[in-house]
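Derivation of every value follows stated rules applied to the coordinates shown; laboratory data play no part. None of these values were measured; they are calculated from a predicted model. Neighbour counts run over all protein chains shown; Cβ positions are idealised from the backbone, glycine included.
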């Protein structure tokens with residue numbers, strides 16, 4: 001029997017569960033020198049992500065949190081001075097046991113985020129990541145993201161100190177990737 005995969009919004013009630021998934025991937029798997037204290041968004045998912053246009057989801061496989069993804073809309077975006085709203089992907093992490101085409105956890109999380117962004121009037125999505133996450137780079141590129149220079153990121157983009165690789169997606173170019 002195929003395991004049940006569900007994607008649901010995560011709230012502050014899930015913050016410890018999200019941190020328990022994300023921190024080991026960052027610290028142990030990829031040796032990123034980052035702590036929970038460096039990531040206040042993980043301590044207040046609702047305050048960080050649930051502003052107008054933003055959201056945070058978790059993918060559960062048979063009740064186990066297998067992955068997360070967040071959509072931030074930086075303050076000031078979508079106002080008269082910035083008519084084409086942008087979103088920023090944050091905290092896209094999938095447990096190693098649930099990575100790959102057989103699970104499609106990352107793909108389904110991304111498709112959920114893009115559908116929500118479209119419905120929220122977001123025209124472009126940006127993200128920052130680190131150079132050692134080569135599989136993540138391939139995933140984003142396969143999904144239409146274009147690698148860009150840091151200088152090409154909008155001023156409102158909330159930079160993370162560890163990010164050194166940046167991507168951009170025009171929402172209208174995103175196509176659902178079927179397995």
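Structure notes:
- FRET efficiency, residue 138 to residue 170 (Cβ-Cβ, R0 25 Å, nearest 0.05): 0.80
- Rounded Å value of the spacing that divides the Cα centres of segment 81-132 and segment 1-49: 14
- Once the Cβ-Cβ distance of residue 162 and residue 4 is raised to the sixth power relative to R0 = 35 Å, the FRET efficiency obtained is 0.55.
- Where labels lie 7 Å past Cα in the beta-carbon direction, separation of residue 123 and residue 155 in nm: 1.8
- Protection proxy ranking, peptides 63-75, 25-37, 45-57, average beta carbon neighbours within 10 Å, highest first: 63-75, 45-57, 25-37
- Average Cα contact separation per residue, the chain, under 8 Å, 6 or more apart, as relative contact order %: 19
- Cα-based helix-to-principal-axis angle, 105-119 vs the chain, degrees rounded to 10: 30
- For q = 0.22 Å⁻¹, Debye-computed log10 I/I(0) when each Cα of segment 1-127 counts as one equal scatterer: -1.31
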